[in-house]
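A short reminder: the numbers here are calculations on the coordinates, not readings from a lab. Bear in mind the structure is a predicted one, so any value in this text is a computation, not a measurement. Methodologically, a virtual Cβ is constructed for each residue, glycine included, from the backbone with ideal geometry; neighbour enumeration extends over all protein chains shown.
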Amino acid sequence: MLHKTARIVRLIAVSAAMTATAFIVGPAAGQTNIGIPNPATWVSGPLYNPPASHPIWNPAKVKRLAGQQVTLGTQLTYSLSGYCTVASKTGTGGSDATWTEMQHALIDWTQAWSMWSQPCAYTATVVPGARVAYTHKREIQKALDGGVMVLVVPTVDSVAEAQDIIDMVYYPPVGHRIYGPSQARQIYANVPGGYRQTFNDNIVLIMMIETVLGSQAANDIGALGHLDGLFGATSDLGNFSGYASGMVDYERLIKNAHDAAHAHGEGACSAFSFRGRVASASFPAPYGGYVYSFDCFQN
């Protein structure tokens, strides 16, 4: 029996060596990557290279890069006309993108995709956006394939979780988003440079800090890059901390997400009720004297 086991082990080793040898042969004419394919050393081809000009066609991204405030108009129900009303709202508190509520509302994916496919959903001033239900590949893929260009991910509690989200959102070489037929390719068929080629430059990714654990990791999460904003969640920071708006400990959690975003060049986001806490607005006790300057809001 021992002899038979040893023979099997030798056969496996020989087979592995032959397989490796099969990969190594070459190189063929025009071949760039030689040897066994290795993701760490693989040189990507030009198929999906972005244009040298890196065009930004997402209006929410344009405003974010310009340091202007971005407002996300909330859509809580399935209604094509109602969605267009939210998407077309302009002026103070107007929509730069929608916040289609996929976490707490009864909207399903068929309904969401139907709203995002309306002519009003993507214009020169607005794009589809959504808060997904949780940090899951299916949720993120469905949102992006449906046409979302502002993605809000709730309850991010750690650097590892944040990195997984980045990996799910971005196309290679940044992440591992799968490419396939999707509604998004139809919606953005005519964007400058092509949808796949320019997606990584145009997506707006916002992660929500909603717990004390997330607040603890906020600065390290912000340091990862590939984020456009950290959102200090007004309701759940109270839910998880046991403090209400106006109490010093609560304000400290909001301020922590705010400062972590700004420390890394990202937008500090919160509920629209916090919009007045801008510029050099300093709040006396019981607010702890904190100074806020928010960049994006849910309306």
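Annotations
- Counting only DSSP beta bridges whose two residues both lie in the chain, roughly 5 percent are antiparallel.
- Acute angle (nearest 10 degrees) that the helix 2-24 long axis makes with the longest principal axis of the chain, alpha-carbon atoms: 70
- Principal axis box of the stretch 194-243, alpha-carbon based, largest edge first, Å: 47, 20, 10
- At R0 = 51 Å, FRET efficiency that the Cβ-Cβ distance of Ile34 and Ala160 yields, to 0.05: 0.95
- Ignoring aspartates and glutamates fewer than eight residues from Lys89 along the same chain, the ones with Cα atoms less than 19 angstrom from its Cα are Glu101, Asp295.
- Note on the stretch 59-298: dipole from Cβ charges, positive end direction compared against Asn200, Gly242, Ser273; the farthest Cα belongs to Asn200.
- Spin-label zone in the stretch 202-220 - amide nitrogen under 14 Å from a point set 7 Å from the Cα of Val62 along the C-beta vector: 202
- Alpha-carbon Rg with Dmax, taken over the stretch 59-298, Å: 17.1, 55
- Burial ordering of Thr198, Thr41, Thr98, fewest other beta-carbon atoms within 10 Å first: Thr41, Thr198, Thr98
- Ranking of Arg131, Arg138 by count of other Cβ atoms within 10 Å, fewest first: Arg138, Arg131
- Note on the chain: GNM, Cα springs under 10 Å; of Ala217, Ala189, Ala130, the largest mean-square fluctuation is that of Ala189.
- Counting only Cβ charges, +1 for Lys and Arg and -1 for Asp and Glu, the dipole size of the chain around its Cα centre is about 820 debye.
- Residues Met247, Met168, Met207, Met115, sorted so that the one with the fewest Cβ neighbours within 10 Å comes first: Met247, Met168, Met115, Met207
- Reachable lysines from Lys255, criterion Cα separation under 24 angstrom, eight or more residues apart if same chain: Lys61, Lys63
- Overall shape: prolate for the stretch 130-203, with the ratio a/c of the largest to smallest alpha carbon gyration tensor axis at 1.5 or above and a/b above b/c.
- Calculated FRET value between Asp108 and Asp167, using beta carbons and R₀ = 22 Å, to 0.05: 0.30
- Per residue Cα convex hull volume in Å³ - calculated over the stretch 144-259: 104
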